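Asker: This structure is in structure tokens; I'll ask about it shortly.
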Amino acid sequence: MKVETLLPLGKVDPGLRAADTPLDISRVGADARLVEEMGYDGLVTEETKDDPYVIMALAAQATTRLKLATGVAMAFPRSPTITAMSAWSLQKLSNGRFVLGLGSQVKGHIQRRFGMAWSPPGPWMREYVRAVRAVWATWQTGAPLDFKGEQYNINLMVPLFTPAPLEHPDIPIHLAAVNPYMCQVAGEVADGVRPHPVCTAKYIEEVMLPAVRKGAAKASRRLDGFAVAIKPLVATAPDAQALETAIRNVRARVAFYASTPAYAAAFEAHGYGELAKTLATYSRAQRWEEMPPFITDEILHTYATVCTWEEIAGKLLARYGRIVTHAEFSIPVGSAADQARLTKMVERLHAG
């Protein structure tokens, strides 16, 4: 299993509640070097409060080996040509270490946060990825640009706006996914899938991967090297007392995710479809603090890996080891002892 991490170290899930230590953009370079030194395979950044492409540029300049991935950046609010340029620049800066992770975002955010018209996300994402690749192909080979689709018609590329070819032009694309249709799209056009944290090993194995294979068969593609990169829900702490706080936070996150209609399939797969509908009504009424008690211990342990630091690597391996290719994990590092402990955790995950 390859091991990735977000920054700051110890931020194990995006969630609703703020991390104990927020991302310090001025420390990205130093923190990325530390991540590389500890043996991690990859550094991932999400698009929440900072521009993910800026974060990856800072990390690229500070490292030499680490894979660098947006996990994920929003696709639809940006033109495919703009995204193509950001990825091209990062691939050049990192000397071939960049992975473009893209997400669709849910309808409310597309309409009300980004001010855009909504379209079904699966077909839109399929076309978006193909448009990005068409732009890259023009830049790399000089072939005329002539992409036609339902969302995009892109056919202008003049020398002033054409970057030079790359030494490493094959930029992997990963797609964030929960529902089978987006997994099928990933199998058709992408190089990996990044399941949402509520996607359990059972759901990935029984729902997502068959859909990926269906998409690959439809496009007559092989899945050699196809990545499955999970950002698991984790509640972990150095001891049982501190673990109680982590459990409260993750219980609230599970409740919020269960209330989100776009994630309903991941709850229906475990028999919690009615719970998801109930919590959706609480969410619409903004009754946030009344939601966590609905998440029983059984539900919590279905969706989250819960244990102390001493047990966490083994439990992650047991849960995801035969299903995924990459897992995101870290603990806070405040001392040399913490660094040594996390380095050993990474080694344990690699060994598994």
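The values are calculated or read from the model by the stated rules, or taken from the named source; none is laboratory data. No experiment lies behind these values; they were computed from the predicted model shown. Because the Cβ atoms are built from the backbone with ideal geometry, glycine has one as well, and the counts that use them run over all protein chains shown. Side chains included, ligands, DNA and RNA excluded: accessible areas come from the protein's heavy atoms. Shrake-Rupley method; radii C 1.70, N 1.55, O 1.52, S 1.80 Å.
Asker: Taking the residues in segment 81-103 that are within 26 Å of V228 (Cβ to Cβ) and in a helix (DSSP H, G or I) as candidates, determine which candidate is most open to solvent (accessible area, probe 1.4 Å).
Answerer: Going through the qualifying residues, I end up with S86.
Asker: From the list R17, R78, pick out the single residue that is modelled with pLDDT of 95 or more, in a loop (DSSP other than H, G, I, E, B) and of a type outside the set (S, T, N, Q).
Answerer: R78
Asker: Could you please tell me which pairs satisfy a Cβ distance under 6 Å, a separation of 6+ or placement on different chains, a first residue in segment 163-176 that is open to solvent by 70 Å² or more (accessible area, probe 1.4 Å), and a second residue that is in a loop (DSSP other than H, G, I, E, B)?
Answerer: H168/G96
Asker: Next question. Of the residues that sit in segment 326-347 and are in contact with a Gly (Cβ under 7 Å, 6 or more places away or on another chain) and part of a helix (DSSP H, G or I), which one is nearest to H174 (Cα to Cα)?
Answerer: Looking at residues that are in contact with a Gly (Cβ under 7 Å, 6 or more places away or on another chain) and part of a helix (DSSP H, G or I), I get V346.
Asker: Sticking with this structure for a sec: Six or more apart or on different chains, Cβ under 6 Å: which pairs go from a residue in segment 116-130 that's free of Cβ contacts under 8 Å to residues at least 60 places away in the same chain to one that's assigned to a loop (DSSP other than H, G, I, E, B) and open to solvent by 60 Å² or more (accessible area, probe 1.4 Å)? Could you list them?
Answerer: These pairs meet every condition: W124/Q151; E127/Q151.
Asker: Among the residues of segment 104-136, write down those that are of a type in the set (A, V, I, L, M, F, W, C) and part of a helix (DSSP H, G or I).
Answerer: Scanning segment 104-136 gives I110, W124, M125, V129, A131, V132, A134, V135, W136.
Asker: Right, next: Whether any residue in segment 323-332 is crowded, with 16+ Cβ neighbours inside 10 Å and over 21 Å from the mean Cα position of the chain (by Cα) is what I want to check.
Answerer: No, because not a single residue in segment 323-332 is crowded, with 16+ Cβ neighbours inside 10 Å and over 21 Å from the mean Cα position of the chain (by Cα).
Asker: Now, a different point. Touching a Gly at 6+ places or on another chain (Cβ under 7 Å), small (G, A, S), free of Cβ contacts under 8 Å to residues at least 40 places away in the same chain and assigned to a helix (DSSP H, G or I): is that true of A264 in this structure?
Answerer: yes
Asker: Additional query: Hey, among the residues in segment 241-298 that are of a type in the set (S, T, Y) and under 22 Å from K107 (Cα atoms), which one's surrounded by the fewest Cβ atoms within 10 Å (Cβ to Cβ)?
Answerer: T281
Asker: Just to be sure I understand, how many residues within segment 104-122 are open to solvent by less than 60 Å² (accessible area, probe 1.4 Å) and either at pLDDT below 95 or among the small types (G, A, S) (or both)?
Answerer: Count: 6.
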